[in-house]
Amino acid sequence: MKKKLVVLTGAGISAESGIKTFRDSNGLWEGHDVMEVASPQGWHKNRALVLDFYNQRRKQALEVAPNAAHYGLAQLEKDYEVTIVTQNVDNLHERAGSNHVIHLHGELFKSQSTLDPSLIYDMKHWEIKEGDKCEKGSQLRPFIVWFGEMVPMMEPAIEATQEADIFAVVGTSMLVYPAASLIQYASSSIPKFIIDVKIPEIGFVDNLTAIEDQASSGVQKMIQLLQLKA
């Protein structure tokens, strides 16, 4: 029976593919205050701006490709039961071949009803326009978890982490909650890895191997260590 490997990924893994990270050091996201484009208040204030913002993010995502880190994690499915828990809204993990991906913050290539949140639609193109409606007649919005909204996929992520035999963190600053708390749900007895160009401060964690490197080469180093321990 394959061991269960759970991997939490963040902006750093997508950055190597050319997707800009969530926020610049000045707190802006693609030149916008994050609350303008990533909050219910921003949506109610200027719906056209929010729709255009995510339309442009989709266009950008279609122009990039998965990198060695995405492919490396997908290839681990040969030897492990892998669950990817990602803070990213792009679909690069799926495009690389990962079969079990939990998106904590929503999915860029899906739309959602503003009237009935359970109505979620796969997008076959990059654009949501004003006037695009769900089957109940309400405007479609991006299927993104905005600031101030619940993170419904956190529970499945916690459950997967509690059952993990190995836990890894790749390309995240560990500053965004509740995602950053996930490592605390991993058993103290299992091996853990953290891979980032700058290892974040997370306090004491049992059985932790820190790999200070970019995601693509760091994932390869982790794979080598896993092979040595197998």
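The values are calculated or read from the model by the stated rules, or taken from the named source; none is laboratory data. It should be emphasised that the depicted structure is a prediction, and the values quoted were computed from it without experimental measurement. Here the Cβ is made from the backbone with ideal geometry for all residues, glycine too, and neighbour counts use every protein chain on show. Surface accessibility is based on the protein's heavy atoms, side chains included, excluding ligands, DNA and RNA. Shrake-Rupley method; radii C 1.70, N 1.55, O 1.52, S 1.80 Å.
Numerical summary
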| item | result |
| --- | --- |
| Mean separation of Cα contacts under 8 Å, 6 or more apart, over the residue count of the chain: relative contact order % | 23 percent |
| Region 144-220: equivalent-ellipsoid semi-axes (sqrt of 5 x gyration tensor eigenvalues, Cα, Å) | 21, 17, 11 |
| Reachable aspartates and glutamates from LYS45, criterion Cα separation under 16 angstrom, eight or more residues apart if same chain | ASP33, GLU36, GLU130 |
| Isotropic mean projected area of the C-alpha convex hull, region 1-143 (nm²) | 9.4 nm² |
| In Hz, Karplus ³J(HN,Hα) per residue of region 104-116 (6.51, -1.76, 1.60; θ = phi - 60°; x = Gly, Pro) | 5, 10, x, 9, 4, 9, 9, 10, 9, 5, 7, 8, 10 |
| For region 149-208: accessible area per residue (Å², 1.4 Å) | 51 Å² |
| Directionally averaged shadow of region 128-187, computed from the convex hull of its alpha-carbon atoms, nm² | 6.2 nm² |
| Region 33-86: equivalent-ellipsoid semi-axes (sqrt of 5 x gyration tensor eigenvalues, Cα, Å) | 34, 14, 7 |
| 5 angstrom amide H check on GLY106, placed H, neighbours 5+ away | VAL145 |
| Region 27-133 - accessible surface per residue (Å², probe 1.4 Å) | 48 Å² |
| Leading residue at positive end of dipole, region 49-88 (Cβ point charges), from LEU62, VAL50, VAL85 | VAL50 |
| Nearest-ten-degree value, helix 47-62 long axis tilted from longest Cα axis of the chain | 40 degrees |
| Entries in LYS20/LYS133; LYS20/LYS221; LYS78/LYS124; LYS4/LYS78; LYS198/LYS229; LYS3/LYS198 that, when Cα-Cα distance is taken, lie over 18 Å | LYS20/LYS133; LYS20/LYS221; LYS78/LYS124; LYS198/LYS229; LYS3/LYS198 |
| Share of carbon and sulfur in the accessible heavy-atom surface of the chain [1.4 Å probe, %] | 51 percent |
| Region 206-219 - phi-based ³J(HN,Hα) in whole Hz, Karplus 6.51/-1.76/1.60, Gly and Pro as x | 5, 6, 9, 10, 9, 10, 7, 6, 6, 4, 4, 6, x, 4 |
| Cα-based Rg / Dmax (Å) for region 79-230 | 17.7, 56 |
| Helical contribution to [θ] at 222 nm, DSSP H n ≥ 4, -39,500 (n - 2.57), averaged over the chain, rounded to 500 | -8000 deg cm²/dmol |
| Dimensionless Rg ratio for region 62-130, taking C-alpha atoms and the 2.2 N^0.38 Å reference | 1.26 |
